[in-house]
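The values are calculated or read from the model by the stated rules, or taken from the named source; none is laboratory data. All figures in this text were calculated on a predicted structure; none of them were measured in a lab. Quick reminder, even Gly has a Cβ in these numbers, built from the backbone with ideal geometry, and neighbours come from all protein chains shown.
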């Protein structure tokens, strides 16, 4: 989901943070928390002195949390998204885990893994990347690889390392 429609579905709160950062951090409500009303999921940031910077970080964290928690079944026979295809060349994935596109790609990968019962080989084949690239991509967000391993464990399969 793009940022503007997402923010329309969120409650935003500001608060003062404690700790290092000088007087500015202790005098201004620089902490930001966004709560997605439909899901109850949130994203919070307090480490920056600027409320605007914390807002950007909170949005990113909320998008990652949504990607981890909300599954959408892929349309049978459909191809990977244009975003995925633009980041996957020759079976290799090119994305930094800090990049704006990371949460959307993470959601797409997890949706396809869920659709094939946690089989990374089948998901990677559909997504057009290698299994090792897919697993490496999931390891960029530790909760994603944990999700996959929990899914596989429930089915009696060995964890991906």
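Values as computed for the structure displayed
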{"read-out": "Test result for residue 63, in contact with a strand residue (DSSP E or B) (Cβ under 9 Å, 6 or more places away or on another chain), at pLDDT 95 or above and surrounded by fewer than 19 Cβ atoms within 10 Å (Cβ to Cβ)", "value": "no"}
{"read-out": "Some residue of the range 74-83 being under 16 Å from the mean Cα position of the chain (by Cα) and closer than 22 Å to residue 152 by Cα", "value": "no"}
{"read-out": "Which numbered condition residue 65 fails, given (1) outside the structural domain of residue 8 (by TED's automatic domain parsing); (2) over 19 Å from residue 161 (Cα atoms); (3) within 14 Å of the chain's Cα centre (by Cα)", "value": "(1)"}
{"read-out": "Any hit, the range 142-157, residues being on the phi < 0 side of the Ramachandran plot, touching a strand residue (DSSP E or B) at 6+ places or on another chain (Cβ under 9 Å), crowded, with 19+ Cβ neighbours inside 10 Å and not in a loop (DSSP other than H, G, I, E, B)", "value": "no"}
{"read-out": "Complete set of residues in the range 31-50 that are under 16 Å from residue 64 (Cα atoms), out of contact with any strand residue (DSSP E or B) (no Cβ under 7 Å at 6 or more places or on another chain) and surrounded by 16 or more Cβ atoms within 10 Å (Cβ to Cβ)", "value": "41"}
{"read-out": "Selection from the range 87-124 of residues that are touching a strand residue (DSSP E or B) at 6+ places or on another chain (Cβ under 8 Å) and surrounded by fewer than 18 Cβ atoms within 10 Å (Cβ to Cβ)", "value": "91, 92, 94"}
